[in-house]
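To keep things clear, I will list the structure first and then write my remarks on it.
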Number of protein chains: 4
Amino acid sequence: METRVEMKAQHISSKEFDELFEKVRNWGKWGPDDERGTLNYISPNHVKAAADLVRSGRSVSLAIPINTVAGPDNPHPATHYMVKAYDIQSERGEPQFVSDYLACEFHGDCHTHIDALCHIAYKGKLYNGKSTTNVTSRGPKIMDITAYAHGIIGRGVLLDIPRLRDVKWLEPGEAVTREELEAAEKAENIRLGEGDIFVFRTGHHRRRLEVGPWNNGYDGEGKAGLDPRAILMLHDRRVAAFLPDGDGETVPSGVEGVAYPIHALQIGAMGMACSDSLQFEELIKVCEEEQRWEFMVVAAPLRMPGGTGSLFNPIAVF
Amino acid sequence: METRVEMKAQHISSKEFDELFEKVRNWGKWGPDDERGTLNYISPNHVKAAADLVRSGRSVSLAIPINTVAGPDNPHPATHYMVKAYDIQSERGEPQFVSDYLACEFHGDCHTHIDALCHIAYKGKLYNGKSTTNVTSRGPKIMDITAYAHGIIGRGVLLDIPRLRDVKWLEPGEAVTREELEAAEKAENIRLGEGDIFVFRTGHHRRRLEVGPWNNGYDGEGKAGLDPRAILMLHDRRVAAFLPDGDGETVPSGVEGVAYPIHALQIGAMGMACSDSLQFEELIKVCEEEQRWEFMVVAAPLRMPGGTGSLFNPIAVF
Amino acid sequence: METRVEMKAQHISSKEFDELFEKVRNWGKWGPDDERGTLNYISPNHVKAAADLVRSGRSVSLAIPINTVAGPDNPHPATHYMVKAYDIQSERGEPQFVSDYLACEFHGDCHTHIDALCHIAYKGKLYNGKSTTNVTSRGPKIMDITAYAHGIIGRGVLLDIPRLRDVKWLEPGEAVTREELEAAEKAENIRLGEGDIFVFRTGHHRRRLEVGPWNNGYDGEGKAGLDPRAILMLHDRRVAAFLPDGDGETVPSGVEGVAYPIHALQIGAMGMACSDSLQFEELIKVCEEEQRWEFMVVAAPLRMPGGTGSLFNPIAVF
Amino acid sequence: METRVEMKAQHISSKEFDELFEKVRNWGKWGPDDERGTLNYISPNHVKAAADLVRSGRSVSLAIPINTVAGPDNPHPATHYMVKAYDIQSERGEPQFVSDYLACEFHGDCHTHIDALCHIAYKGKLYNGKSTTNVTSRGPKIMDITAYAHGIIGRGVLLDIPRLRDVKWLEPGEAVTREELEAAEKAENIRLGEGDIFVFRTGHHRRRLEVGPWNNGYDGEGKAGLDPRAILMLHDRRVAAFLPDGDGETVPSGVEGVAYPIHALQIGAMGMACSDSLQFEELIKVCEEEQRWEFMVVAAPLRMPGGTGSLFNPIAVF
């Protein structure tokens, strides 16, 4: 009980947060017009090393099936319609075709998606210190999702916190510290390193499957995520990308004046390739069977000019 | 000039086509409820062998940027809207967010997408002999796109026909025969084999970039594709998947009563994982630089229950 | 308390319902290909008489503002996006423009809309005995919403049941009988007659405004509506159209095997122009002030070929 | 031939245009927060008088059927999908339902719609001198389409210019002067007056029906409309609303630096209720038969909070 209470996000003052922001800030590191951010950490050798992890040939989706049902965490259900079915014959003879239509406002806490670097601004600045005036109602002029058009490929490292804690999932509001991430590394005999893709499991989706959807925002129950200071570890280790269930944020965040500090730090300061709302329920079974928590990851956003992100289906290959 | 004329699709009678259909029919081959079709040819060893092709760590998108501009080959332009921009402050303080909305009826000849096996019926039957009544206006009950949820991963083999012919692109209506595919293999010193992903280039997208969009349907100029008899080669070689620019079809097809014979054969008879409207303009540069026409392919459709296909962004890794 | 219980829908057997269906069935009455149904009751004189009711020149919308917020009665929230705002200058100089995009799956219990006659089938038959095979996944071939393209214009007669009962609204599950409709006529000193547009108020929307949205379906709390036998009165009186808050249905209906009997009778049997989910909170104020419950109604669905209905904004003019 | 040339828009200097803007400017006339603009000219008596025009009871739609086909004047085709058809049985027994989905970016030159006053800004100001900062990417805070929620009702007066000129339609680029409007009044024995709804016919839609769609923008063939100085007549006469085929604009406009002067004057300066892309092909038949060019108009935009306009179906009643 009391342990649970201690796991809540600790208070961080506005000043302390801004110091943290400065520490992990990569602005200018890869040039003034860089749009790849921490993906620059992934060298050809890292890609090759990731491919070398493919041994059993198994692959696993890290995406939640697209959700068309409105709910407390899905205010913008995807809309999916058949264009036509086989109840009528094609006008052009054989073969016959059916088709469909999909529409989605994907940001939020329900649809598996990746963020573009333009998705986040902190105090009026995008990653690399660029002005928010670059992102108008006509769409972003810089740092849209096409910066990731050729895919995000590297070694995925799953740190499975519920496994470490021997619970099914973390409860809303719980924050994972750097110490706990390092404990998970030890438990899995693995180490997050340069150019790695950090797969972070809180059990968010497992909880949704078993308990049902909940409002995970500030006017609801909240959600489990990282302690903002744990971002220092990702910075020190030169982690390239972030694949969480949930979205990495602890709600409430504990940070004075900053509702979503993880996004501010990862995307705004570091330029990290970040995604939201994945699920690892299939992945953890394979990890246990293979007894390894590293694998090749290939993730490819849709190639949408002006996209502030994209639905996607990241794949782990073992 | 005359050569060009000879390259047009040859006439195939309805009877001959049905014999072809029978020859390549895989119905029942992998059980009565199989939904993976020719992906069954990809063994764990094939995946591992594909990953072994990753040497330089380069990756290339095979997708066309999503197109929101209506045109003769884009009657259903994607709709893309910003949900909000940075012109207003977030209600919740820092950080600020922008987001967007994407909607698409993706089948057709403009949006890079993959077909689900339910997308095609020939003479009232889906792949594996299933009835079209399984696909209603509420969506497919079987063989939707989630059959490919865990990704399509294997060795991609590009047969670049314009390179073989030393032209920029094939002209609409031209059909590529088995003999020409074999000649391309020879020219590239490669051989399509079991479990391979056949990347087929006619230069369709290059033509679009240089000449502009055209109506490639039966009421327009048509398009270049495969000779239906070339499908026998894909069947004999146990090819697993098909990634073309254009969609593999020659229009007009030359087949009596069958407007789109390639889809009928590949999807309806063989159960092949097929996609449409890719582009290889970036790919061919890398192939030339690396002097190899084989690479790892990872392709992951969105995980849409009931989808008859999906927008996607297949990635080639070298 | 006990009165409330009595107000619940009484049981109607399947046989009795089918007899009711036969009694009010207008099939063939206006020819085999009629698509206007009970709108045929509105003669030019009725339109003129309706216009003669315009005396004070006041007009009132009967529509609920379009709702983009998902909730228990709004599983398909409308999607509304700005296309662009004034944060950027137009490319073409002055003036500058902003625009927006609206998308809606409007049937259901939240969006003010009108049904086309093709929207309902009972035992495999549409109004006028037409086969449901006329309505495929490509849309209806007959009886789409364009049958009402030139507007529905006539005398609106509001029967305000909460006013009669001296309550704010009817509770979910309560059914209004013919006797009660006639009592409302008496209380308002008015009589529904041939060619009239029946405006039926249960207070559904008032309840939503004050209590909040609720699930009004069979798996929820239900809703207040008409007793199916009250439809006989509408038939006898030759009523032309129906504008309810809620949708006229009592849930649960009390009818054996028929979840939504009012739609079956009104649309399927009678061919009545019916709408759903209006609001009369502004209307009743004007009615009280003017001390009359009759007014001109003009209602114009969007002119959508193939529409099974339409969002609309019906107007009462006093 | 030469006559045609003379009919082209005459040159108006930037200075002259701004003087025109000043002359017709109604800013402040109805209070600093007015959102109804020239609709204020419609008194209760005008509504009553309009209703008195209803004599034969005929009604006519002024809307073009919603267009889902992309073309040179329809870059944003409406998207319309069936949600389900009758090919499957309802889960809840009888009756069965079909439904559909409609999505539209309606501004432009193809979809019959009305503009909200927030739709237009001239030199950074909306109608009534309000700042464009009131209209952000989250939508307008003021002057959205709900200002017209209770309908636009009044006397419609059709001035049919092709009838006056004895041509089928005006050619693109032709501009109608005040003198010609007055000549049309004389020919129809009618006079536009205070509180009237000006129905302005150039034959734009007839041309589209007979010749096919064309690009009517600055990079295309243009379109026929009003001479900007004719707006003085609408101002002098206290006209309340504007219903044109086309959109009232002559393209090219002839005005230095102002591509669409009619919108700037009508909406930006006058606060006039303006619509675009209507059709009067059915209307003119009724006008000829009734030998009158005046009728009641009822027009009701969808009640969309934040809408910059709305699809609608205005109705003329005779």
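The values are calculated or read from the model by the stated rules, or taken from the named source; none is laboratory data. Keep in mind it's a predicted model, so treat the numbers as computed, not measured. Cβ placement follows ideal geometry from the backbone for every residue including glycine, while neighbour counts extend to all protein chains displayed.
See the values below:
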item	result
Search result, residues across the range C:228-266 that are under 21 Å from residue C:206 (Cβ atoms) and either over 16 Å from the mean Cα position of the chain (by Cα) or in contact (Cβ under 8 Å) with a residue 60 or more places away in the chain (or both)	C:243, C:246, C:247, C:250, C:251
Candidates B:124, B:129, B:151 - the one that is over 28 Å from residue B:180 (Cα atoms) and touching a Phe, Trp or Tyr at 6+ places or on another chain (Cβ under 6 Å)	B:129
Scope the range B:71-113; condition β-branched (Val, Ile, Thr) and either buried (at least 23 other Cβ atoms within 10 Å of the Cβ) or more than 7 Å from chain A (Cβ to nearest Cβ) (or both); matching residues	B:79, B:88, B:98, B:112
Residues (more than 7 Å from chain D (Cβ to nearest Cβ) and of a type outside the set (Ser, Thr, Tyr)) located in the range C:32-44	C:32, C:33, C:34, C:35, C:36, C:37, C:39, C:40, C:42
Verdict on residue D:236 being surrounded by 24 or more Cβ atoms within 10 Å (Cβ to Cβ) and at negative phi	no
Residues located in the range A:127-141, provided they are over 18 Å from residue D:137 (Cα atoms) and either more than 21 Å from the chain's Cα centre (by Cα) or not polar (S, T, N, Q) (or both)	A:127, A:129, A:130
Selection count where residues are in contact with a Lys or Arg (Cβ under 8 Å, 6 or more places away or on another chain), closer than 17 Å to residue A:161 by Cα and surrounded by 22 or more Cβ atoms within 10 Å (Cβ to Cβ), scope the range A:203-229	4
Qualifying positions in the range C:114-130 - surrounded by fewer than 21 Cβ atoms within 10 Å (Cβ to Cβ) and either in a helix (DSSP H, G or I) or within 9 Å of chain D (Cβ to nearest Cβ) (or both)	C:123, C:124, C:129
Residues being in contact with a strand residue (DSSP E or B) (Cβ under 6 Å, 6 or more places away or on another chain) and either of a type in the set (Phe, Trp, Tyr) or farther than 17 Å from residue D:305 by Cα (or both) - total across the range C:52-103	12
Test set (1) part of a loop (DSSP other than H, G, I, E, B); (2) away from chain B (no Cβ under 14 Å); (3) surrounded by fewer than 22 Cβ atoms within 10 Å (Cβ to Cβ) - residue A:192 fails condition number	(3)
Residue in the range B:204-212 that is more than 16 Å from the chain's Cα centre (by Cα), away from chain A (no Cβ under 14 Å) and in a strand (DSSP E or B) present	no
Subset of the range C:146-157 [part of a helix (DSSP H, G or I), surrounded by fewer than 24 Cβ atoms within 10 Å (Cβ to Cβ) and at the interface with chain D (Cβ under 10 Å from one of its Cβ atoms)]	C:146
When residues of the range D:6-21 are limited to those that are part of a helix (DSSP H, G or I) and more than 22 Å from the chain's Cα centre (by Cα), the one modelled with the lowest pLDDT	D:6
Subset tally (residues that are surrounded by fewer than 24 Cβ atoms within 10 Å (Cβ to Cβ) and facing another protein chain (nearest Cβ under 7 Å)) for the range C:134-145	3
Those residues of the range A:24-75 which are basic (Lys, Arg), under 20 Å from residue A:198 (Cβ atoms) and not in a helix (DSSP H, G or I), in sequence order	A:25, A:29, A:36
Filter result for the condition that a residue is out of contact with any helix residue (DSSP H, G or I) (no Cβ under 9 Å at 6 or more places or on another chain) and surrounded by 14 or more Cβ atoms within 10 Å (Cβ to Cβ), over D:26, D:45, D:40	D:40
Residue match in the range D:223-239 (condition: within 14 Å of chain C (Cβ to nearest Cβ) and part of a loop (DSSP other than H, G, I, E, B))	no
The range A:54-70 - residue that is more than 8 Å from chain B (Cβ to nearest Cβ) and more than 19 Å from the chain's Cα centre (by Cα) and, of those, nearest to residue B:39 (Cα to Cα)	A:68
Residue check for residue A:87: over 30 Å from residue A:238 (Cα atoms), among the charged types (D, E, K, R) and free of Cβ contacts under 8 Å to residues at least 12 places away in the same chain	yes
Criterion: within 22 Å of the chain's Cα centre (by Cα), at positive phi and in contact (Cβ under 8 Å) with a residue 40 or more places away in the chain - qualifying residue of B:28, B:37	B:37
All positions within the range C:251-266 that are among the hydroxyl-bearing types (Ser, Thr, Tyr) and more than 18 Å from residue C:117 (Cα to Cα)	C:253
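Here is a yes/no grid of residues against (1) at pLDDT 95 or above; (2) in contact with a Pro (Cβ under 8 Å, 6 or more places away or on another chain); (3) closer than 22 Å to residue C:236 by Cα; (4) surrounded by fewer than 18 Cβ atoms within 10 Å (Cβ to Cβ):
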{"residue": "C:260", "(1), (2), (3), (4)": "yes, yes, yes, no"}
{"residue": "C:265", "(1), (2), (3), (4)": "yes, yes, yes, no"}
{"residue": "C:270", "(1), (2), (3), (4)": "yes, no, yes, no"}
{"residue": "C:275", "(1), (2), (3), (4)": "yes, yes, yes, no"}
{"residue": "C:280", "(1), (2), (3), (4)": "yes, no, no, no"}
{"residue": "C:287", "(1), (2), (3), (4)": "yes, no, no, no"}
{"residue": "C:291", "(1), (2), (3), (4)": "yes, no, no, yes"}
{"residue": "C:295", "(1), (2), (3), (4)": "yes, no, yes, no"}
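Residue-wise test of (1) closer than 21 Å to residue A:129 by Cβ; (2) among the β-branched types (Val, Ile, Thr).
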position: A:250; (1), (2): no, yes
position: A:266; (1), (2): yes, no
position: A:292; (1), (2): no, no
position: A:298; (1), (2): no, yes
